[in-house]
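*Asks:* Here you go, one structure.
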Amino acid sequence: MNWQKLTDPGQIDVIKQQSKDMPVLIFKHSTRCSISSMSLDRLARNWKKEDERRLIPYFLDLIAFRSLSDQVAMDFGVPHQSPQAILIKDGKVVFEDSHFGISYNSIMAKI
């Protein structure tokens, strides 16, 4: 996957704008959690090159950017989870899941 790194609070407004043209996925990842690593790996293994024309993926390292992770939760009205997949269309969350509930098929079914 060609992840865009989510590292700055200003990117949240960019994501809201981008999501008006194409769905945006935010994957909140804990580098200290094996479940998070497994969820990330399952998503990446199923990702297809052509998916880049259907979805913009963002990667948020919530250990390095915990306050930004909290800001994403507040701005999009979702409780903080780790790992967590948040799908945004037209500036609004249309899908959110965490832990082993994160799956490529469930995300792609919502875009």
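The values are calculated or read from the model by the stated rules, or taken from the named source; none is laboratory data. Keep in mind it's a predicted model, so treat the numbers as computed, not measured. FYI the Cβ positions are ideal-geometry reconstructions off the backbone, even for glycines, and counts take in every protein chain you see. Quick note on the areas: whole protein, heavy atoms, side chains included, nothing else; ligands and nucleic acids left out. Shrake-Rupley method; radii C 1.70, N 1.55, O 1.52, S 1.80 Å.
*Asks:* Among the residues of region 77-111, which ones are open to solvent by less than 60 Å² (accessible area, probe 1.4 Å), in a helix (DSSP H, G or I) and in contact (Cβ under 8 Å) with a residue 24 or more places away in the chain?
*Replies:* Tyr104, Ile107, Met108, listed by residue number.
*Asks:* Still on this model: Have a look at Asp70, Asp97 and point out the one that is touching a helix residue (DSSP H, G or I) at 6+ places or on another chain (Cβ under 8 Å) and of a type outside the set (Gly, Ala, Ser).
*Replies:* When all the criteria are applied, what remains is Asp97.
*Asks:* For region 1-44, give me the residue count where each residue is in contact (Cβ under 8 Å) with a residue 40 or more places away in the chain and part of a loop (DSSP other than H, G, I, E, B).
*Replies:* Result for region 1-44: 12.
*Asks:* Continuing with this model, one more query. Only one of Leu68, Leu62 is crowded, with 18+ Cβ neighbours inside 10 Å, under 16 Å from Thr7 (Cβ atoms) and at pLDDT 95 or above. Can you tell me which?
*Replies:* Selected residue: Leu68, the only one of Leu68, Leu62 that is crowded, with 18+ Cβ neighbours inside 10 Å, under 16 Å from Thr7 (Cβ atoms) and at pLDDT 95 or above.
*Asks:* Another question about this same structure. Just need a number here: residues in region 1-37 that are under 21 Å from Pro79 (Cβ atoms), open to solvent by 30 Å² or more (accessible area, probe 1.4 Å) and modelled with pLDDT under 95.
*Replies:* 4
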